[in-house]
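Please read the structure below before turning to the comments.
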Amino acid sequence: MHNEPRLHTGRLQMLSLLDSLGTVRAVAAALHLSPSAVSAQLAVLESEARVELLQRSGRRVRLTAAGRALARHARVILDQVRAAEAELDGLSGRPTGPVRLAAFSSAVRRLAIPLAARLRETHPGIALELSELDPGASHPALRRGDCDVIVTADFADGSLPVDPDVRAIPLLADAIVLVTAADRGESGPADLADHAHAGWALDLPGTYLSNLILATCRRAGFEPSVAGRFASYELLLAHVEEGLSVSLLPGLAVDPRFKVTARPLKDPMTRQVYAAVRGRAPLTAATRAVLDELRDLAAHTFPGPAAGEGPTGR
């Protein structure tokens, strides 16, 4: 006699989200449910599992060792269910179904949107859903199952940790460049020390780009004089275009609509841009097609040294 499965996939999803998000309230917000409804379903899951999954202290809960173990299995189970659904949808012989891709802002403009246009012609059965996502949030979102593919980058300083649950697919090497107004008549590799007395445009305090500029200028022997701080690369480039500042940017972020000059550094710095998927998740035919088209697009749009193997920017 076959035993009926005890565990319900909807409740496993709640446990997986609780492991990632940390609070019942956050899980409820993500699923558009009330916290009491989530708590009730988690209590049912504990009964189904026949082991204590949660430890409660007042209104707060945390996962037990058994709860964390089941959350890891839940992510694998949910990925298998999605793969089975996608395979059934794709029995027509062509990749079909939804693929959710999240990328940092300059990669959305330079890679993800062109990818969506290409897929419309090559794989019309794939419904690509794009979203902009800060690199610091991309790995947790991928692990939670909020997206199927992320496009992210290391920070050119080796500070992004390796995630053992993520498989990285190198796309391109993106050089850090000095950006100045186009009418300055400068060319060739830039020595940052030559710009020690210039005004500098930075990102907001504490962000990756702001920290990178500060650290790089200090290594060159000076403290940059801040002429402006901007959360948007477009505003930063507009400030530079007017000759009000200079800045450092990843090459991918230099928008050709602005009249600026981008010069490689005398001491080169490069970040590696990657696509990434959950390492244990079986890839659907649609996801494989998206990755294949993304790699081909990156290779033909940004020819040059390929990104190296390693960990997975705005």
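Things to note:
- Residue in the stretch 235-242 that is surrounded by 18 or more Cβ atoms within 10 Å (Cβ to Cβ) and touching a Gly at 6+ places or on another chain (Cβ under 8 Å) present: yes
- When D163 is tested against (1) within 24 Å of P282 (Cα to Cα); (2) among the acidic types (D, E); (3) over 16 Å from the mean Cα position of the chain (by Cα), just one condition goes unmet, and that condition is (3).
- Scanning the stretch 176-190 for residues that are assigned to a strand (DSSP E or B) and farther than 19 Å from A227 by Cα yields I176, A190.
- Taking the listed residues A231, A193, A173, the one that is assigned by TED's automatic domain parsing to the domain that holds R257, of a type outside the set (K, R) and either assigned to a strand (DSSP E or B) or surrounded by 21 or more Cβ atoms within 10 Å (Cβ to Cβ) (or both) is A173, with no other qualifying.
- Among the residues of the stretch 209-228, those identified as part of a helix (DSSP H, G or I) and either more than 20 Å from the chain's Cα centre (by Cα) or modelled with pLDDT of 95 or more (or both) are I213, L214, A215, T216, C217, R218, R219.
- Exactly one residue out of S225, S210, S232 is of a type in the set (S, T, N, Q) and farther than 21 Å from G136 by Cβ, and it is S225.
- Positions within the stretch 18-29 being aliphatic (A, V, I, L, M) and crowded, with 17+ Cβ neighbours inside 10 Å, in sequence order: L18, V24, V27, A28
The values are calculated or read from the model by the stated rules, or taken from the named source; none is laboratory data. In this text, all values refer to a predicted model and were calculated from it rather than measured experimentally. Positions of Cβ are generated from backbone atoms using ideal geometry, with glycine treated the same way; all protein chains shown enter the neighbour counts.
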